[in-house]
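Colleague: To start, I am sharing the structure in question, which I have written as structure tokens.
The values are calculated or read from the model by the stated rules, or taken from the named source; none is laboratory data. Fair warning: this is a prediction, and the values are worked out from it, not measured in the lab. Every residue, glycine as well, gets a Cβ built from its backbone with ideal geometry; the counts of neighbours run over all protein chains shown. With ligands, DNA and RNA removed, areas are computed over all heavy atoms of the protein, side chains included. Shrake-Rupley method; radii C 1.70, N 1.55, O 1.52, S 1.80 Å.
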Amino acid sequence: MNPESLARPLRVLRVCLHLLVGVLLAVAAVRAVTGQGPQRAAVLAASVTLAVVYALGAVLPLVRRSRRAAVAWLAVLTAGWLVLLVLTPDGVWFAFPLFLLHLHLLPARWGTLAVAATTVVAVAGVAGHQGTITPGVVIGPGIGAAVAVGTVLGYQALYRESERRQRLIEQLTATRAELAAAEHAAGVLAERERLAREIHDTLAQGLSSIQLLLRAAQRALPDHLDVAAGHVEQARRTAQDNLVEARRFVRALTPPGLDGASLPGALRRLCAATAAASGLAVRLHLDGTAVRLPTGHEVALLRIAQSALANTVRHAGATRADVTLRYRDPGVVLDVIDDGSGFDVGDAVSRPGGDGGFGLAAMRARAEELGGTLAVESTPGRGVRLAVSFPSPGAEATAAGA
């Protein structure tokens with residue numbers, strides 16, 4: 001429940017209070033007119049005056065906006081009630097609306113004291129008219145005062161609790177918005193990192209191959225025009241494949257190398273393309289029964305193989321590279337081994353990206369993102385062995401054709 005939901009009952013109570021005042025003053029006026037008492041005119045005049053004063057306070061904006069004006073109006077209303085109580089014992093009925101007004105318009109302590117004083121005056125007024133104090137004279141105003149105090153204080157406590165809950169809800173809403181913004185920022189950063197790896201493993205590696213091919217073509221010209229033409233054609237095809245690939249992963253589709261094909265088939269084409277582009281002897285070995293893996297795992301294995309072979313071509317000075325894909329009961333393992341110059345693994349880890357690329361850091365991040373591990377073994381002059389493994393990701397039992 002919030003303050004807005006409590007506003008409607010409050011308006012209903014206000015209307016009921018207006019009706020109660022009107023009915024009580026009307027009853028007092030009617031009894032005075034139909035009675036035989038000597039003060040009939042005075043009672044009627046006091047009742048009408050009290051009704052007019054109450055109506056003015058209910059409609060004047062100043063009384064609603066200013067506490068001082070509201071207290072002054074309440075004082076005039078109380079004085080009018082005292083006059084009515086002196087004239088007729090029927091004036092005691094008006095004490096109950098006064099209880100509610102005292103508690104509503106005055107601070108809690110002063111409102112309670114005003115209710116107590118009004119109760120005493122009401123009992124004394126009725127007792128003065130009857131000439132004696134009876135239990136009914138005391139119990140009636142006392143019960144009315146207790147009900148009024150309990151109702152108003154209970155409603156105020158409920159309203160304060162509702163306001164506290166509303167503030168808490170607003171704080172929770174603000175916190176949720178902050179968490180959503182933080183999650184969005186983290187998602188943006190993760191997507192940027194993913195796109196950076198995609199660009200590195202596709203466009204950057206493809207452009208690197210184009211550069212190598214064009215350099216070879218430059219060296220072959222003009223003595224060996226046929227050889228140069230073959231290099232240029234291979235460069236053109238590589239550029240075309242990378243353009244298609246860029247368009248595909250921008251549309252969040254699977255890489256063209258895996259589109260409609262199995263992972264072993266994509267790796268076989270990768271090895272053939274690398275061998276044709278660089279002259280490096282690249283062979284693919286399969287171990288175990290090939291099964292269909294989730295797309296994310298197959299993409300990661302293909303990308304890591306691409307990056308590893310590209311590094312071999314660019315940096316290793318190798319003559320041979322072997323790519324081995326092992327399907328095991330607990331998962332899958334990809335090995336890329338070359339006979340190149342090797343490097344110091346510790347130095348590469350401490351200074352990643354020295355050539356301007358992502359390299360090992362990007363491959364390791366890609367593997368760890370899917371719960372896999374990447375290990376690199378190398379010493380200067382003895383080649384490189386790169387191994388990436390994924391635990392069983394719930395692969396389908398359907399064999400994947402090569």
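Colleague: Take the solvent-accessible surface of the protein heavy atoms, probe 1.4 Å, and return the percent of it on the range 46-109 that carbon and sulfur atoms account for.
Modeller: Numbers: 2330 of 3210 Å².
About 73 percent, which is the carbon plus sulfur part of the accessible surface.
Colleague: Still on this structure, please answer the following. Based on the Cα gyration tensor of the range 62-103, what are the three equivalent ellipsoid semi-axes, each the root of five times an eigenvalue, rounded to whole Å and given largest first?
Modeller: Rounded to whole Å, the semi-axes are 22, 11, 5.
Colleague: Moving on. Compute the length gained on full extension between Ala41 and Ala375: take 0.36 nm times their separation in residues and subtract their Cα-Cα distance, giving the result in nm to one decimal.
Modeller: Result: 109.5 nm gained on full extension.
Colleague: When Lys and Arg each count +1 and Asp and Glu each count -1, what net charge do the other residues less than 13 Å away from Thr88, Cβ to Cβ, add up to?
Modeller: Residues close to Thr88 contribute a combined charge of +1.
Colleague: Return the inverse of the average 1/r over all pairs of distinct C-alpha atoms in the range 82-127, which is the Kirkwood hydrodynamic radius, in Å to one decimal.
Modeller: Result for the range 82-127, one decimal place: 10.6 Å.
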